[in-house]
Amino acid sequence: METYLGEKQQASQWSPYINNGGSCLAVAGDDFAVIASDTRMSLGYSIKTRYSTKYLKITEKCSIVSSGMQADIFTLHKVLKSRAQIYEQKHGKPMSTDAVAKLVSRLLYYRRFFPYYTFNIVAGIDDEGVGCVFSYDAIGTLERVKYSASGSGSSLIEPVLDNQVALKNRNDIKKEDFKLTKEYAIDLVKDAITSAGERDIYTGDFVEISVIDINGTHEEKFELRFD
Amino acid sequence: MAGKNCVAIAGDTRFGVRNQTVALDSNRIFKINNRTLFGMTGLNTDILTLRESFKFQMNLYNLEEEREISPKTFAHNVAQTLYSKRFGPYFITPIIAGLEGEDYTPFLCATDLIGAMEFPKSFVVAGTGEESLMGVCETFYKENMEPDELFEVISQCLLAAVDRDALSGWGSVVHVLTKDGITTKRLRTRKD
């Protein structure tokens with residue numbers, strides 16, 4: 001907006017998006033995947049609720065966590081859940097993790113010109129029984145990775161996972177000698193999200209963590225700081 | 001980062017202007033005396049100016065007081081210098097690390113660009129990669145580390161965090177300060 005003197009004024013325009021904060025992460029092993037998210041929903045410097053789930057179990061072998069705008073997370077999860085149900089009823093079997101990953105990507109790209117303000121991570125077991133993690137951007141760019149973090153605490157969590165899962169910059173241990181066990185991964189995920197909860201104001205309250213392996217999904221909840 | 005009767009400061013050595021890397025060997029961590037290390041991030045010209053300014057002030061202090069400055073006093077001096085420019089600040093984020101008193105108690109201080117001080121017991125972070133640094137330090141830090149372990153931990157924290165920040169990297173330096181002196185090591189990082 002320009003004034004008659006020709007200078008540009010900063011107009012605060014209404015935005016349809018808000019960020020409700022929160023952190024999500026997932027780590028994949030050889031035959032399991034661990035996925036976790038906190039449950040705090042914030043608006044500005046206030047907490048709207050201490051428990052607002054960001055996690056959805058899509059099938060026994062696949063789950064999704066999302067961070068960003070809670071309204072879009074809720075809608076995306078609703079649509080995803082119903083699409084997964086339709087698939088299962090049509091094809092007589094649950095969706096495979098690869099199919100879910102592709103579906104999420106398509107659902108997000110469908111809204112290419114008015115995106116869902118969600119930063120998603122899908123994790124689960126693929127058809128060969130190998131753990132997998134898929135990370136996305138807001139419009140559905142899909143990449144299969146070994147670990148991923150999203151949300152306000154992502155910049156706090158990502159370097160920890162780089163160092164402990166991908167063994168970057170490690171001189172004390174070789175990649176060939178390292179095996180990512182389930183207990184190690186669960187402890188790492190718990191530590192990483194606890195550290196994010198300490199230092200990121202939008203992360204805290206509770207964490208929903210779930211471990212997906214060939215036997216199904218095991219869900220757990222634990223407390224973080226309430227401040 | 002603070003350990004048991006020791007402290008360590010680590011920093012990268014990239015000097016860049018937005019996306020352009022200009023130098024790979026810029027040193028941002030300076031020794032004030034055998035008990036105090038001082039690091040700064042931010043605008044390079046302010047870093048250089050303040051380095052000279054504090055060197056001058058410390059020389060004068062040594063001559064007048066006939067003793068070495070303690071880290072705590074130095075930290076307050078930094079804060080005062082920065083606040084004196086409250087409405088036209090130096091664009092830097094300083095970190096002071098030292099060993100205080102007869103028992104060589106670790107001392108850490110971080111301030112913002114206008115001199116608001118904070119004295120944490122565990123670690124301080126600053127720079128473009130501060131969020132990443134905060135995450136790794138919070139996860140890997142533990143209390144009462146001996147100098148060798150402190151060196152390993154702070155090195156891993158720095159390397160992990162700078163690899164996630166586009167504006168940091170291109171070499172790094174770690175100083176570990178104990179009552180026996182300062183050990184300096186340069187680590188190889190990714191050159192990108």
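Please verify whether region A:137-148 includes one or more residues that are within 14 Å of chain B (Cβ to nearest Cβ) and either under 30 Å from B:Phe151 (Cα atoms) or crowded, with 17+ Cβ neighbours inside 10 Å (or both). So that I can check it myself, show each step before the final result.
To start, the set of residues in region A:137-148 that are within 14 Å of chain B (Cβ to nearest Cβ) comprises A:147-148.
Now restrict to residues that are either under 30 Å from B:Phe151 (Cα atoms) or crowded, with 17+ Cβ neighbours inside 10 Å (or both): A:147-148.
Checking region A:137-148: at least one residue is within 14 Å of chain B (Cβ to nearest Cβ) and either under 30 Å from B:Phe151 (Cα atoms) or crowded, with 17+ Cβ neighbours inside 10 Å (or both).
Inspection of region A:109-116 finds no residue satisfying the criterion of being away from chain B (no Cβ under 14 Å), outside any helix (DSSP H, G or I), without any contact (Cβ under 8 Å) to a residue 40 or more places away in the chain and open to solvent by less than 20 Å² (accessible area, probe 1.4 Å). Scanning region A:146-157 for residues that are assigned to a strand (DSSP E or B) and more than 15 Å from A:Ile64 (Cβ to Cβ) yields one hit, A:Tyr147.
Being surrounded by fewer than 24 Cβ atoms within 10 Å (Cβ to Cβ), touching a strand residue (DSSP E or B) at 6+ places or on another chain (Cβ under 9 Å) and either within 11 Å of chain B (Cβ to nearest Cβ) or without any contact (Cβ under 8 Å) to a residue 40 or more places away in the chain (or both) is the requirement here; does A:Lys168 meet it? Against the criterion (surrounded by fewer than 24 Cβ atoms within 10 Å (Cβ to Cβ), touching a strand residue (DSSP E or B) at 6+ places or on another chain (Cβ under 9 Å) and either within 11 Å of chain B (Cβ to nearest Cβ) or without any contact (Cβ under 8 Å) to a residue 40 or more places away in the chain (or both)), A:Lys168 does not qualify. If we scan region A:95-102, do we find a residue that is more than 14 Å from chain B (Cβ to nearest Cβ) and free of Cβ contacts under 8 Å to residues at least 24 places away in the same chain? Yes.
Of the residues making up region B:108-122, just one is open to solvent by less than 20 Å² (accessible area, probe 1.4 Å) and within 14 Å of chain A (Cβ to nearest Cβ), namely B:Ala110.
Within region A:24-40, can one find any residue that is more than 22 Å from A:Glu143 (Cα to Cα), open to solvent by 60 Å² or more (accessible area, probe 1.4 Å) and part of a loop (DSSP other than H, G, I, E, B)? No, region A:24-40 contains no residue that is more than 22 Å from A:Glu143 (Cα to Cα), open to solvent by 60 Å² or more (accessible area, probe 1.4 Å) and part of a loop (DSSP other than H, G, I, E, B). Of all residues assigned to region B:85-98, at least one qualifies as being within 16 Å of the chain's Cα centre (by Cα), within 30 Å of B:Asp192 (Cβ to Cβ) and open to solvent by 40 Å² or more (accessible area, probe 1.4 Å). Selection over region B:156-174 of residues that are away from chain A (no Cβ under 11 Å) and open to solvent by 20 Å² or more (accessible area, probe 1.4 Å) gives a count of 3. Of the residues B:Val153, B:Val125, only one is assigned to a loop (DSSP other than H, G, I, E, B) and either within 13 Å of chain A (Cβ to nearest Cβ) or open to solvent by 20 Å² or more (accessible area, probe 1.4 Å) (or both); which? Sole residue among the options that is assigned to a loop (DSSP other than H, G, I, E, B) and either within 13 Å of chain A (Cβ to nearest Cβ) or open to solvent by 20 Å² or more (accessible area, probe 1.4 Å) (or both): B:Val125. Within region B:134-150, if we keep just the residues that are facing chain A (nearest Cβ under 9 Å) and open to solvent by less than 30 Å² (accessible area, probe 1.4 Å), the residue that is farthest from B:Gly11 (Cα to Cα) turns out to be B:Gly135. For region A:114-145, a residue qualifies if it is of a type in the set (Gly, Ala, Ser), more than 19 Å from A:Gly68 (Cβ to Cβ) and at pLDDT 95 or above, and the qualifying residues are A:Gly124, A:Gly131.
Residues that are basic (Lys, Arg), open to solvent by 20 Å² or more (accessible area, probe 1.4 Å) and either touching an Asp or Glu at 6+ places or on another chain (Cβ under 8 Å) or within 21 Å of B:Met145 (Cα to Cα) (or both): does region B:34-41 have at least one? There is at least one residue in region B:34-41 that is basic (Lys, Arg), open to solvent by 20 Å² or more (accessible area, probe 1.4 Å) and either touching an Asp or Glu at 6+ places or on another chain (Cβ under 8 Å) or within 21 Å of B:Met145 (Cα to Cα) (or both).
Looking only at residues that are of a type in the set (Lys, Arg) and assigned to a loop (DSSP other than H, G, I, E, B) in region B:1-31, which one is surrounded by the most Cβ atoms within 10 Å (Cβ to Cβ)? Lay out the reasoning, then the answer.
First, the residues of region B:1-31 that are of a type in the set (Lys, Arg): B:4, B:14, B:18, B:28, B:31.
Right, trim to assigned to a loop (DSSP other than H, G, I, E, B) and you get B:4, B:14, B:18, B:28.
Details: B:Lys4: 14, B:Arg14: 23, B:Arg18: 5, B:Arg28: 25.
The selected residue is B:Arg28.
Scan region B:85-102 and tell me whether some residue there is farther than 19 Å from B:Thr36 by Cβ and without any contact (Cβ under 8 Å) to a residue 12 or more places away in the chain. Among the residues of region B:85-102, at least one is farther than 19 Å from B:Thr36 by Cβ and without any contact (Cβ under 8 Å) to a residue 12 or more places away in the chain, which makes the answer yes. Close contacts from region A:202-227, counting a first residue that is closer than 16 Å to A:Thr97 by Cα and a second that is part of a loop (DSSP other than H, G, I, E, B), with Cβ to Cβ under 7 Å and a gap of 6+ residues or different chains, come to A:Ile212/A:Lys61; A:Asp213/A:Asp31; A:Ile214/A:Asp31; A:Ile214/A:Gly129; A:Gly216/A:Glu60; A:Thr217/A:Glu60. Of all residues in region A:190-220, how many are out of contact with any Asp or Glu (no Cβ under 6 Å at 6 or more places or on another chain) and within 11 Å of chain B (Cβ to nearest Cβ)? Going through region A:190-220 one residue at a time, the tally reaches 8.
In the set (1) surrounded by fewer than 17 Cβ atoms within 10 Å (Cβ to Cβ); (2) in contact with a helix residue (DSSP H, G or I) (Cβ under 8 Å, 6 or more places away or on another chain), the condition left unmet by A:Lys174 is number (2).
For A:Ser152, are the conditions met, namely being surrounded by 19 or more Cβ atoms within 10 Å (Cβ to Cβ), more than 9 Å from chain B (Cβ to nearest Cβ), among the hydroxyl-bearing types (Ser, Thr, Tyr) and within 19 Å of the chain's Cα centre (by Cα)? Don't jump to the end; show me each part of the working.
Numbers: surrounded by 19 or more Cβ atoms within 10 Å (Cβ to Cβ): yes; more than 9 Å from chain B (Cβ to nearest Cβ): yes; among the hydroxyl-bearing types (Ser, Thr, Tyr): yes; within 19 Å of the chain's Cα centre (by Cα): yes.
Yes.
The number of residues in region A:190-219 that are open to solvent by 20 Å² or more (accessible area, probe 1.4 Å) and within 16 Å of the chain's Cα centre (by Cα) comes to 6. A search for C-beta distances below 7 Å between a residue of region B:160-177 that is under 29 Å from B:Leu99 (Cβ atoms) and of a type in the set (D, E, K, R) and any residue that is in a loop (DSSP other than H, G, I, E, B) and open to solvent by 30 Å² or more (accessible area, probe 1.4 Å), counting only pairs 6+ apart in sequence or on different chains, returns nothing.
The values are calculated or read from the model by the stated rules, or taken from the named source; none is laboratory data. Bear in mind the structure is a predicted one, so any value in this text is a computation, not a measurement. Note that each Cβ is placed from the backbone with ideal geometry, even for glycine, and that neighbours are counted across all protein chains shown. Accessible surface areas use protein heavy atoms only, side chains included; no ligands, DNA or RNA. Shrake-Rupley method; radii C 1.70, N 1.55, O 1.52, S 1.80 Å.
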